[in-house]
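Below is one structure, written out as structure tokens; comments come after it.
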Amino acid sequence: MPRKCRSELAAPVRLCRPDAEARPGRYAVIYAGEADDLAAAGLPFRHPRAPCWIARAGSRWKVHICTYDPPGGLRSHREQIVRELAAVYRPRCNRERYEHAWEDEWIGHSR
């Protein structure tokens, strides 16, 4: 049985499929954020950045939302996840820009 997402304590990421016809399984990260309560944050379309998501995706029906609820995660954990996602994917609808905070060896990569 699929796990149900909680509406709180999540790090939501907005995605779109830039070329759904030619590459149906490929998504683009267009925004990364976090919220204590997703409904209070205005998800999906009352969020202040929603117009950017819709413009980038091409329509509100092409915006996909992915959430991750880190087990035992606090707001500080979610904020760090968002900073790392923004550093890696550089989503156009995020106003903040970040650099990587981790070292490759921390996650098992070697140089």
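Structure notes:
- Total residues in the range 47-73 satisfying the condition of being out of contact with any strand residue (DSSP E or B) (no Cβ under 7 Å at 6 or more places or on another chain), β-branched (V, I, T) and open to solvent by 60 Å² or more (accessible area, probe 1.4 Å): the figure is 0.
- Filter pass, A28 being over 14 Å from the mean Cα position of the chain (by Cα), hydrophobic (A, V, I, L, M, F, W, C), surrounded by 10 or more Cβ atoms within 10 Å (Cβ to Cβ) and at pLDDT below 90: no
- The range 21-40, subset assigned to a loop (DSSP other than H, G, I, E, B) and in contact (Cβ under 8 Å) with a residue 24 or more places away in the chain, residue nearest to G58 (Cα to Cα): Y27
- Residues that are of a type in the set (G, A, S) and either touching a His at 6+ places or on another chain (Cβ under 6 Å) or surrounded by 18 or more Cβ atoms within 10 Å (Cβ to Cβ) (or both) within the range 31-40 comprise A32, G33, A35, listed in sequence order.
- Of all the residues in the range 74-91, those that are under 22 Å from A55 (Cβ atoms) and surrounded by fewer than 17 Cβ atoms within 10 Å (Cβ to Cβ) number 2.
- Restricting R78, R56, R92 to residues that are farther than 15 Å from L38 by Cβ and either under 13 Å from the mean Cα position of the chain (by Cα) or not in a helix (DSSP H, G or I) (or both) narrows the list to R92.
- Residue pairs whose Cβ atoms lie under 7 Å apart, separated by 6 or more positions or on different chains, with the first residue in the range 66-78 and under 24 Å from Y27 (Cβ atoms) and the second among the acidic types (D, E), are R78/E34.
The values are calculated or read from the model by the stated rules, or taken from the named source; none is laboratory data. The structure presented is a predicted model; accordingly, all values stated were derived computationally and were not measured. Every residue, glycine among them, receives a Cβ derived from its backbone with ideal geometry; neighbour counts consider all protein chains shown. Remember, those area values only see protein heavy atoms, side chains included, never the ligands or the DNA or RNA. Shrake-Rupley method; radii C 1.70, N 1.55, O 1.52, S 1.80 Å.
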